[in-house]
Amino acid sequence: MRIGIVGLGYVGLPLAVAFVEAGHDVVGVDVEARVVDALRRGKSHVEDVSDETLRGVADRFQASTRYADLAKVDAAIVAVPTPLTRNREPDLQPLLASGSALAGVLQEGQLVVLESTTYPGTTRERFVPLLEESGLAAGRDFYMAFSPERIDPGRTDFNLRNTPKIVGGLTDKCRRRAVRLYELVCDDVVAVSTPEAAELTKLLENIFRSVNIALVNELAILCDRMGIDVWEVVEAAATKPYGFMSFKPGPGMGGHCLPVDPFYLAWRAREFDMQTEFVELAGEVNQHMPYFCAERIARALNEQAKPVKGSRVAIMGVSYKPGVGDLRESPALRIIRLLREQGANVSYHDDFVPELPELGLRSEWPEEADCVVIVTAHPSLDVERLVRDAGLVVDFRGATRGIEAPNLVRL
Ligand SMILES: NC(=O)c1ccc[n+]([C@@H]2O[C@H](COP(=O)([O-])OP(=O)(O)OC[C@H]3O[C@@H](n4cnc5c(N)ncnc54)[C@H](O)[C@@H]3O)[C@@H](O)[C@H]2O)c1
């Protein structure tokens, strides 16, 4: 088959590679000329796709900035960003732009699948009308489905092949076409009745994580006051073989998904006279975590008779999670800003992020810091060395569990 992928980021690029590796030809379209140029030179900007992998698929993968190159594909999958505006409302601009551009090249018989995470109703009410400006009718002249992406960047045990894929078609035929498409690259395709059910499935998954992380974060703050080790409590609760699922506390949520997606549902729910209180409350608790962390660092310094102002604080790990360099919504950036506002002299170290130009910082190993803070524990982080060498270590990830030392403070 010939497959088109619109948006060659964390979601689109691995998807493109998967289809090529399954023996198909892929045209990838992205509006960023810089991204397309790099891909053409065999340079990947996504950790899950190595340069070597990219070179291995070069014969059958064409990257382009031109939607016209999609005219001959059998199916086009759209994986463009779905961020929030400054007022935390859905920003469908990239999604709508891709729909309009696709309409200009859409051909009879093509299948279009939207993968971008969004609120229920987007596919039918916002995307399809744009595509129909082509003069073709959805379900009759072309086929339309929604299929949420479940990729977890940096993860190796679950991938596109062995993670069940949800598909909701506009009509029965749309669904069947989309199921056949994903069966090329996924072992298990799960059909649901409508695009709306598929859209909401993805949001339920992310809200479930957001709410549970908020719960355990709230507990971590309480444990801090009570002098109880939250990590020990979570680990002990996880020995229950049923009815409990373990979530870890931390400095707050980052990435493109968890801090953003739940608000797509909250926004949509207001149209139905509903306040999604779990969503809002979880967002509130998780957004508060960097503030709690900055305050905890100040307290740890105070215990050593040092003020925040003028202290050298080194942040270990600034990406939002281990093993990737993704900085989107990363709580580390918020913690750095809060500490700077209080006059701290902040540096950072991150193997995946060589520099933070907007903060005027370059990654460096902390040599003489007053306080070293573990915000994201990349797999390569030598925790024992840190605790041995640093005057004070504050650990927000439980990376130092098993180590007890007078200079160590753990969330
Ligand atoms: N990153 C994840 O872990 C993840 C997981 C599941 C779902 N998702 C969802 O998948 C979608 C894509 O996320 P991502 O992380 O791949 O984003 P990304 O920013 O990494 O990649 C999106 C790409 O789309 C391109 N783009 C923007 N507007 C475009 C347009 N009009 N036409 C063509 N290309 C355009 C951008 O230049 C960018 O390269 C989002 O809705 C996200 O919520 C992401």
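Descriptive notes on the structure:
- Backbone N within the range 117-161 under 16 Å of label point (7 Å from Gln93 Cα along the Cβ vector): none
- FRET efficiency, 1/(1 + (r/R0)^6) with R0 56 Å, evaluated for Ala237 and Arg55 via beta carbons: 0.75
- Remark: the range 229-329 carries a charge dipole of roughly 500 debye about the Cα centre, counting +1 on each Lys and Arg Cβ and -1 on each Asp and Glu Cβ.
- On Cα atoms only, tilt of 331-341 relative to the major axis of the chain in degrees: 50 degrees
- Amide H to amide H, with H built 1.01 Å from N, Gly28 comes under 5 Å of Ile5, Gln62, Ala63, Ser64, counting only residues 5 or more places away or on other chains.
- Amide H contacts of Ile315: Ser347, Tyr348, His349, Val373, each under 5 Å away and 5 or more positions distant or on a separate chain (H built 1.01 Å from N in the peptide plane; Pro and chain starts excluded).
- With Cα atoms, 0 to 90° folded angle of helix 12-21 axis to the chain main axis: 60 degrees
- Listed residue (Val260, Ser193, Leu15) projecting farthest to the positive dipole end of the chain, Cβ model: Ser193
- For the peptides 220-231, 288-299, residues were scored by their other Cβ atoms within 10 Å and the scores averaged per peptide; the highest-first order is 288-299, 220-231.
- The phi torsions of the range 382-399, fed into the Karplus equation with coefficients 6.51, -1.76 and 1.60 and a -60° offset, translate into couplings of 8, 5, 4, 4, 4, 5, 5, 8, 8, x, 8, 10, 10, 10, 9, 10, x, 5 Hz, rounded to whole numbers, with Gly and Pro shown as x.
- By the rule of a C-alpha distance below 27 Å, with chain neighbours fewer than 8 residues away ignored, the lysines paired with Lys165 are Lys72, Lys173, Lys202, Lys248, Lys321.
- Using a Förster distance of 22 Å, the FRET efficiency for Asp74-Glu125 (Cβ separation, nearest 0.05): 0.30
- The alpha carbon radius of gyration of the chain, expressed as a multiple of 2.2 N^0.38 Å, is 1.07.
- Basic side chains Lys and Arg get +1 at the Cβ, acidic Asp and Glu get -1 at the Cβ, and with that the dipole of the range 63-142 about its Cα centre reaches some 200 debye.
- Here Lys43 is the anchor, and the aspartates and glutamates within straight C-alpha reach of less than 13 Å, apart from those fewer than 8 places off in the same chain, are Asp51, Glu52.
- The GluC sites (Glu not before Pro) of the range 210-290 that meet both conditions, a loop assignment by DSSP and at most 13 other Cβ atoms within 10 Å of the site Cβ, are Glu271.
- Glu341-Leu222 pseudo-label distance in nm [points 7 Å out on the Cα-to-Cβ vector]: 2.7 nm
- Taking the chain and dividing mean pair separation by its residue count, relative contact order in percent (alpha carbons under 8 Å, at least six apart): 10 percent
- Peptides 69-75, 24-30, 143-149 ranked from most to least packed by the mean count of surrounding Cβ atoms within 10 Å: 143-149, 24-30, 69-75.
- Among the protein heavy atoms of the chain, carbon and sulfur supply 50% of the accessible surface, probe 1.4 Å, non-protein parts ignored.
- Applying the criteria of a DSSP loop state and at most 14 other Cβ atoms within 10 Å to the trypsin sites (Lys or Arg not before Pro) of the range 14-56 yields Arg41, Lys43.
- What you get for the chain, charging only the Cβ of Lys and Arg (+1) and of Asp and Glu (-1), is a dipole of about 240 debye around the Cα centre.
- Inter-centroid distance (Cα atoms) of the range 248-273 relative to the range 107-170, Å: 21 Å
- Linear extension gain, Gln275 paired with Thr65, 0.36 nm per residue minus alpha-carbon span: 71.6 nm
- Based on protein heavy atoms only, the chain ends up with 47 Å² per residue of surface accessible to a 1.4 Å probe.
The values are calculated or read from the model by the stated rules, or taken from the named source; none is laboratory data. Predicted model only: the values in this text are computed from it and were never measured. Neighbour counts run over all protein chains shown; Cβ positions are idealised from the backbone, glycine included. To get the accessible areas, we keep the full protein, side chains included, count just its heavy atoms, and leave off ligands, DNA and RNA. Shrake-Rupley method; radii C 1.70, N 1.55, O 1.52, S 1.80 Å.
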